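Nothing in this text is a laboratory measurement; each read-out follows from the coordinates by a stated rule. Quantities reported herein were computed from a predicted structural model and do not represent experimental measurements. Don't worry about glycine lacking a Cβ; one is built from the backbone with ideal geometry, like all the others, and counts go over all protein chains shown.
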Number of protein chains: 2
Amino acid sequence: MSPSTLRVLPLGGLGEIGKNMTVVEYEDRIVVVDTGLRFPTADMMGIDLVLPDFSYLRERADDIEAIVITHGHEDHIGALPFVLRELGQDIPVFGSRLTMAMARSKLDEHKLREVELEDVEAGVRIEAGPFDIELVHMTHSIPDSRAVALTTDLGTMLVTGDYKFDQTPVDGRPADISRLAELGKDGLLLLCGDSTNVDRPGWAPSESGVGPRLEEVFSRCEGRIVVTSFASNIHRVQQVIGAAAAVGRKVALIGRSMRKNVNIGRSLGHIVAPEGLIINAREIEDFPDHKLVICSTGSQGEPLSALRRMAHRDHPQVELHSGDTVVFSATPIPGNERAVNETVDRLFQIGCDVITTRDAPIHASGHGYAEEVKLMLNLVRPQYVMPFHGDYKRIRMHGQLAEAVGIEAQRVFRGVNGLPLEIDKRGARFGDKEQSGMVFVDGVDIGDVADVALRDRRMLSADGIFVVVATISEQDGSSVAEPEVIFRGVPFRDQADELLDEIRGTVEASLERAAEEEIREIDLLQELLHDDLAQFVYERLKRRPMVLPVVVEV
Amino acid sequence: MSPSTLRVLPLGGLGEIGKNMTVVEYEDRIVVVDTGLRFPTADMMGIDLVLPDFSYLRERADDIEAIVITHGHEDHIGALPFVLRELGQDIPVFGSRLTMAMARSKLDEHKLREVELEDVEAGVRIEAGPFDIELVHMTHSIPDSRAVALTTDLGTMLVTGDYKFDQTPVDGRPADISRLAELGKDGLLLLCGDSTNVDRPGWAPSESGVGPRLEEVFSRCEGRIVVTSFASNIHRVQQVIGAAAAVGRKVALIGRSMRKNVNIGRSLGHIVAPEGLIINAREIEDFPDHKLVICSTGSQGEPLSALRRMAHRDHPQVELHSGDTVVFSATPIPGNERAVNETVDRLFQIGCDVITTRDAPIHASGHGYAEEVKLMLNLVRPQYVMPFHGDYKRIRMHGQLAEAVGIEAQRVFRGVNGLPLEIDKRGARFGDKEQSGMVFVDGVDIGDVADVALRDRRMLSADGIFVVVATISEQDGSSVAEPEVIFRGVPFRDQADELLDEIRGTVEASLERAAEEEIREIDLLQELLHDDLAQFVYERLKRRPMVLPVVVEV
């Protein structure tokens, strides 16, 4: 492969929703676009976070010119501390002002204080080795979102990040359509576009339509109002504040990330509130119910979130009661439905009214629908298309939309994580697969070998564990103490003592058999004990708990 | 409480969706309506099934005149074997023909062959102690569904079971509206009605509308077609068969419960297929792709289901490929969304097309919507209403529908599991709460004390386990062998050997400290070891695995 080949290697975000990360290479130099994470699914037991496997960059750290972050959502920025800790704090990081403020706050939490974070104005071109980097202003469910245009000798490629074409965004700054059109007119080489909502026909509703609907809902409420939304959706919080002001209610912010994001948003001017409107959580009890809006985290039913705690009557500051109204200004992310439903039903049990997006249009997605994806394709008129940010279904449907606006099928590249698209003067094609996948963050450890641990955890979680300790004589292998049997997570009751006796008996029998057969090697002994016990336990309990035999020689 | 009080005690199904079971008492005699189960949620680790806690019936087994089952779905019939095994096989069980056939098959699996199962025709009155029992034919997503009318000296109460008012059911037998109207005209004392879809406005679509839509979808397909649906929805399977016949395709049934239910359905005449249309799974390869419809289990993305295995290219008989179409003729039950989405995306990855209810109206709910619930209320004009089968939200909304048709709020009783409604000549009121709740089935054991085991499993699943075995001298408590350290589910890698050495060191240090302080009691020693080790492990790994110290004296 010649160095004047442009290589676009997605390390995350294809064939999945989340952990977006893309390596762009030209003349042996690298720009990384986004460093996102995913949240673990229920079967990833005990795992805290899921990162893209960025091993590919480990030996190439010196070749990285820059990391560019499109916006401040976790699935685009969340892996940044982990990436920088491994690859070095000397890699410059670019992004919009809010995005960099959120990155700073995140890096501070990880005690990474040496990193050079650079606010870049949209439209300004930055040189980074063989690349020119330009951010293009877009609209999304967090302010200051940007697409990234990377220009090399070969042409310009555009990574859209997450976007919608909101014609009436809350901050009055629609996406920079004219710059996109210019890129198209100049001839765009490659479009890597958001696929999240390609399966929804039409256009996403405008964010600014949500505020008036919230105000309508608020005006019908008599008790307290709790609004829950994504803390990073700063425009939404602004609209909650506006609606609260309009109906003469104060606003209290509950939940750590809500307070943190609002603080950042206020300091950068994205959130403006009338003097005295926002009150402290400690002041909640000073105001009558009908004068309060509580803006809270927990829209996804997260176990430790403020709203979930309120629903379980376990929140230190907010006690909900009959007559209060809880407004879900968000939809559940797939996989969170049950947790959200449970929270909602707990609230009904307390006697609250609950308003969701099924009852009123109080949420707007941050991702453009099919017609917006088509508009993007028509604006930038790319030579090649590589759908980003989507599972297999959405990547395929994005390709269908491209074909619908006249882009030939052979110019659409349906990629997977780890498969680089290689473009040179002769054309574009997929190259050889590179390492990619998931890396788990589990406590202080980051690693991909948690597989065995995970398998063990699944086994432990399903059926529990038996530990059996047999103490034998170093001289003749005979048992010198009664075997110890301990179990955890095994649900038997009445017959426990009896069963434990039988297990001890099984152990003694196995040891005798071993002595007869002159099995003295500890490993073999343990294997024998394991097999005998596992079989006995299965016959008695019809479960397969983990059986852990320990043989001690004295 | 006088014996001429009618007591309606729900043991399950209120404040939840699932495990429906209701005890009806009059003159110290009992009829039980439904014995359902729930499937465990992800946090009920290793639990197989969830039953209602029916302890209340244990001392009252001799008072039970009959168990009546409304229909053959697991949430109404699934606990029957467990209930009968504990309360005695001599309790007569009543229900419709199909329901009893399904009960028989279920009891056979549990080797309960003594139970007297009695098919009861709709409209026939059966005497059971102080009760007259009458089944009323209803429509639902399984044939032969019935409401149960229980008449005593006090009047008649109606438990609807699950129902919709399907005007064009597949078997041509709409709900017996005229009998319901008669009950209303005679004056119904109490209605216990299904609340599942009270939150959906309007009327549920008819089941028979699904067939023509399936045929339309089939007629556009070129490769193989896989249709997945609930195996118990025998009318749906009939419609799949009809649509397949119309487009000239054979039908293969895949999945144990699909074959079982179709066999029962065919033997009772609910499923009729042209000669030779249904082929054996082994014959699949004998037919070209465009001549096949595969009717499969797995519509909920269940881990071991046939469809999930096909999606993972792991099914022994069916290998899917590009050009095949998978039709989801079902919607995900809340909580199953992620599993369904994953299955769908796997299918897209293989290259299949996937048709869901978002793409075409190929599913109809079996539960009536708000207008149907109002129709029921208007037909039977009950003196009292107790909403059944719903979480807190739906029970409240059912009450609102009752008020909307003119039933005063004080005649609507919003119950919870375990709270009996007591009705006598003076009126109706809630009595004192009885024991109720969940009982877990876990392997061979059934019990409510799995709580500790569950808590342990959660701990084990989150962070794994360390087992430490210290062997000490009976004489002086000194360590006589190097401590053994074993771990499972703890995800550390490179530093494992080093850490194990340090842990052994910690154990030795603890033992020395114990010797100095003359702690010789094994329990105290183990406690000391536990605390020292747990602290050490947390400091090093920032996780809290279970720490299990075993001290062996020799």
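Share of Cα-Cα pairs in segment A:338-463 beyond 21 Å, in percent?
On the way: 5187 of 7875 pairs.
Tail of the P(r) past 21 Å holds 66 percent of the pairs.
Along the charge dipole of chain A, which of A:Ser2, A:Ile126, A:Leu57 sits closest to the positive end, that is, farthest toward it, with unit charges on the beta carbon of Lys, Arg, Asp and Glu (+1, +1, -1, -1)?
Positive-most Cα among the choices belongs to A:Ile126.
Assuming a viscosity of 1.567 mPa s and a temperature of 4 °C, what translational diffusion coefficient in µm² per second does Stokes-Einstein assign to segment A:450-553, Rh being the Kirkwood radius over Cα pairs? Mind dumping the intermediate values first?
Working: Rh = 14.2 Å.
Using the Kirkwood radius from Cα pairs, D works out to 91 µm²/s.
Where both residues lie in segment B:46-178, what percent of DSSP beta bridges are antiparallel, nearest 5? Intermediate values should be presented prior to the final figure.
On the way: 17 of 22 bridges.
Bridges in segment B:46-178 that DSSP calls antiparallel: roughly 75 percent.
What number comes out for the charge environment of A:Arg224, summing +1 per Lys or Arg and -1 per Asp or Glu over other residues with Cβ under 14 Å away?
Working: positive: A:Arg220, A:Arg249, A:Lys250, A:Lys291; negative: A:Glu222, A:Glu283, A:Glu285, A:Asp286, A:Asp289, A:Glu319, A:Asp324, A:Asp353.
Net of charged neighbours comes to -4.
Just need the relative contact order of segment B:464-553 here, percent rounded to a whole number, with Cα pairs under 8 Å and 6+ apart.
Relative contact order, segment B:464-553: 40 percent.
Under the Karplus relation 6.51 cos²θ - 1.76 cosθ + 1.60, θ = phi - 60°, what is the ordered set of whole-Hz ³J(HN,Hα) values for segment A:342-350, x standing for Gly and Pro?
Computed from phi, the couplings for segment A:342-350 are 4, 4, 4, 5, 4, 5, 4, 4, 5 Hz.
For B:Ile279, which sequence-distant residues (separation of 5 or more, or a different chain) have an amide H within less than 5 Å of its own amide H, given hydrogens modelled in the peptide plane?
Amide H neighbours of B:Ile279: B:Val251, B:Ala252, B:Leu253.
Of the DSSP beta bridges with both residues in chain B, give the percent that are antiparallel, rounding to the nearest 5. Could the numbers behind the result be given before it?
Values: 50 of 94 bridges.
In chain B, approximately 55 percent of DSSP beta bridges are antiparallel ones.
Ranked by Cβ crowding within 10 angstrom, fewest neighbours first, how are A:Glu216, B:Glu302, A:Glu484 ordered?
On the way: A:Glu216 14, B:Glu302 17, A:Glu484 20.
Ascending Cβ contact count within 10 Å gives the list A:Glu216, B:Glu302, A:Glu484.
Spelling out what I want: for every residue of segment A:410-421, take phi, set θ = phi - 60°, compute 6.51 cos²θ - 1.76 cosθ + 1.60 (Karplus), and round to whole Hz; glycine and proline get x.
6, 9, 9, 10, 8, x, 9, 3, x, 9, x, 8
Other chains' Cβ within 10 Å of B:392-401 residues: what's the mean? If you can, show how the numbers build up before the last one.
On the way: counts 8, 9, 2, 3, 4, 1, 0, 0, 0, 0.
Partner-chain Cβ atoms within 10 Å, mean over residues of B:392-401: 3.
So for A:Asp28, B:Asp463, fewest C-beta neighbours within 10 Å to most, what's the order? Intermediate values should be presented prior to the final figure.
Details: A:Asp28 11, B:Asp463 25.
Result, fewest neighbours first: A:Asp28, B:Asp463.
When the dipole is taken about the Cα centre of the protein assembly as shown, and only Lys, Arg (+1) and Asp, Glu (-1) are charged at their Cβ, what size is it in debye, to the nearest 20?
Numbers: 120 positive and 180 negative charges, 1140 e Å.
That gives a dipole near 5480 debye.
Measure off 7 Å from each Cα along the Cα-to-Cβ vector at B:Ser2 and B:Glu482, then give the distance between these two points in nanometres to one decimal.
With each label point 7 Å from Cα toward Cβ, the separation is 8.2 nm.
Using the Karplus equation 6.51 cos²θ - 1.76 cosθ + 1.60 (θ = phi - 60°), what ³J(HN,Hα) coupling, rounded to whole Hz, does each residue of segment A:114-127 give in order, writing x for Gly and Pro?
8, 6, 8, 9, 10, 5, 10, 5, 4, x, 8, 9, 10, 8
Of the listed peptides A:204-214, B:131-141, what is their order by residue-averaged count of other C-beta atoms within 10 Å, with the highest listed first? Spell out each step's value before the answer.
Details: A:204-214: 19.9, B:131-141: 24.5.
Most protected by this proxy first, the peptides run B:131-141, A:204-214.
Going by alpha carbons, how many degrees (0 to 90, nearest 10) lie between the helix axis of A:496-516 and the longest principal axis of chain A?
The angle comes out at about 70 degrees.
In the P(r) worked out for chain A, what percent of Cα pairs fall beyond 42 Å?
Details: 54213 of 153181 pairs.
It works out to 35 percent of all Cα pairs.
Under the rule of at least 5 residues apart or a separate chain, name every residue whose amide H is placed under 5 Å from the amide H of B:Val490.
Distant-sequence amide H within range of B:Val490: B:Ile465.
Return the distance in nm (one decimal) between the two label points of a simple spin-label model at B:Arg426 and A:Ala404, each offset 7 Å from Cα along Cα→Cβ.
Each label point is offset 7 Å from its Cα along the Cβ direction, giving 6.8 nm.
Taking chain B as the reference, fit the longest principal axis to its C-alpha atoms, fit the long axis of helix B:450-463 to the helix C-alpha atoms, and give the angle between the two in degrees, 0 to 90, nearest 10.
Roughly 60 degrees, rounded to the nearest 10.
In whole angstrom, how far apart do the alpha carbon centroids of segment B:34-53 and segment B:488-554 sit?
Taking the Cα centre of each part, segment B:34-53 and segment B:488-554 sit 37 Å apart.
Place a +1 charge on the Cβ of each Lys and Arg in chain A and a -1 charge on the Cβ of each Asp and Glu, then give the dipole magnitude about the Cα centre in debye, rounded to the nearest 20.
Values: 60 positive and 90 negative charges, 599 e Å.
The dipole magnitude comes to about 2880 debye.
What is the sum of charges around A:Gln89, taking Lys and Arg as +1, Asp and Glu as -1, for the other residues whose C-beta is under 15 Å from the C-beta of A:Gln89?
Working: positive: A:Arg85, A:Arg104, A:Lys106, A:Lys111, A:Arg113; negative: A:Asp62, A:Glu86, A:Asp90, A:Asp108, A:Glu109, A:Glu114, A:Glu116, A:Glu118.
Every neighbour counted, the sum reads -3.
Would you please give the residues with an amide H less than 5 Å from that of A:Val226, counting only those at least 5 places away or on a separate chain, with H modeled from the backbone geometry?
Here the answer is A:Ile294, A:Thr325, A:Val326, A:Val327, since their amide H atoms fall under 5 Å of that of A:Val226.
Sum -39500 (n - 2.57) across every DSSP H segment of at least 4 residues in chain A, then divide by the residue count to get the 222 nm mean residue ellipticity, nearest 500.
Numbers: 14 runs with 169 residues, N = 554.
Value at 222 nm, helices only: -9500 deg cm²/dmol.
Restricting to Cα pairs below 8 Å that are 6+ residues apart, what does the relative contact order work out to for chain A? Please round to a whole percent.
Working: 1208 pairs, mean separation 84.1, N = 554.
This gives 15 percent for chain A.
When Cβ neighbours within 10 Å are restricted to other protein chains, what is their mean count per residue of peptide A:329-341?
On the way: counts 0, 0, 0, 2, 2, 6, 6, 2, 7, 9, 4, 1, 5.
Mean number of neighbouring Cβ atoms from other chains: 3.
Semi-axes, largest first, in whole Å: what does sqrt of 5 times each Cα gyration tensor eigenvalue give for segment A:211-355? Present the calculation step by step, with values, prior to reporting the outcome.
Details: eigenvalues 90, 61, 40 Å².
They are 21, 17, 14 Å, listed largest first.
Where the centre of each part is set by its Cα atoms, how far does segment B:420-444 sit from segment B:56-101, in angstrom?
17 Å
Relative to the Cα centre, what is the charge dipole magnitude of segment A:211-355, using +1 at the beta carbon of each Lys and Arg, -1 at the beta carbon of each Asp and Glu, and rounding to the nearest 20 debye? Provide the component values of the computation, followed by the final result.
Details: 17 positive and 16 negative charges, 88 e Å.
The calculated dipole for segment A:211-355 is roughly 420 debye.
Of all DSSP beta bridges located in the protein assembly as shown, what percent are antiparallel, nearest 5? Could the numbers behind the result be given before it?
Working: 100 of 188 bridges.
DSSP beta bridges in the protein assembly as shown are roughly 55 percent antiparallel.
Within 10 Å of each residue's Cβ, count the other Cβ atoms and sort A:Ser296, A:Ser473 from fewest upward.
Lowest to highest Cβ neighbour count: A:Ser473, A:Ser296.
How charged is the neighbourhood of B:Glu207? Take every other residue with its Cβ under 12 Å from the Cβ of B:Glu207, and add Lys/Arg as +1 and Asp/Glu as -1.
On the way: positive: B:Lys164, B:Arg173, B:Arg213, B:Arg236; negative: B:Asp166, B:Asp171.
Residues near B:Glu207 contribute +2 overall.
Taking just the C-alpha trace of the protein assembly as shown, give me its Rg and Dmax in Å.
32.4, 94
Can you tell me the 0 to 90 degree angle between the C-alpha axis of helix A:370-380 and the longest principal axis of chain A, rounded to 10?
Taking Cα atoms only, the helix is inclined about 60 degrees.
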